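Undergrad: Please find one structure pasted underneath; my questions will follow.
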Amino acid sequence: MPFRSWVNLGFFQGASLMDPQGLLEGTGARLRHVKLRTVADTEQPGVRALVEEAYAERKAASR
């Protein structure tokens, strides 16, 4: 979701994701997001790990 100064990268099952870097924000029962303020933010290892974990979870759930 785009905002004026950042983009929120949302994870619908984000509350259940491991987040050792502490990047996830939000207080919803399931939804969490990461604020990406620069292009360089997308290259953080923690962001990639969250995307990979969320993808693996969704892939497993669709079987």
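Undergrad: Taking the Cα centre of the chain as origin, work out the dipole magnitude from +1 charges on Lys and Arg Cβ and -1 charges on Asp and Glu Cβ, in debye rounded to 20.
TA: Result for the chain is approximately 220 debye, rounded to the nearest 20.
Undergrad: On the protein heavy atoms, probe 1.4 angstrom, tell me the percent of accessible surface of the chain carried by carbon and sulfur.
TA: 57
Undergrad: Next question, about the same structure. Over the C-alpha atoms of the chain, what are the Rg and the largest Cα-to-Cα span, Dmax, in Å?
TA: 11.7, 38
Undergrad: Can I ask one more? ³J(HN,Hα) across segment 9-26 via Karplus (A = 6.51, B = -1.76, C = 1.60, θ = phi - 60°), whole Hz, x for Gly/Pro?
TA: Karplus values, whole Hz, x for Gly and Pro: 9, x, 10, 5, 10, x, 5, 9, 7, 6, 9, x, 7, x, 7, 6, 10, x.
Undergrad: Related question: Using a simple spin-label model with points 7 Å from Cα along the Cα→Cβ vector, what separation in nm is obtained for D41 and A61?
TA: Each label point lies 7 Å from its Cα, and together they span 2.4 nm.
The values are calculated or read from the model by the stated rules, or taken from the named source; none is laboratory data. Owing to the predicted nature of the structure, the values given are computational and were not obtained by experimental measurement. We place every Cβ from the backbone using ideal geometry, glycine too, and count neighbours over all the protein chains shown. Quick note on the areas: whole protein, heavy atoms, side chains included, nothing else; ligands and nucleic acids left out. Shrake-Rupley method; radii C 1.70, N 1.55, O 1.52, S 1.80 Å.
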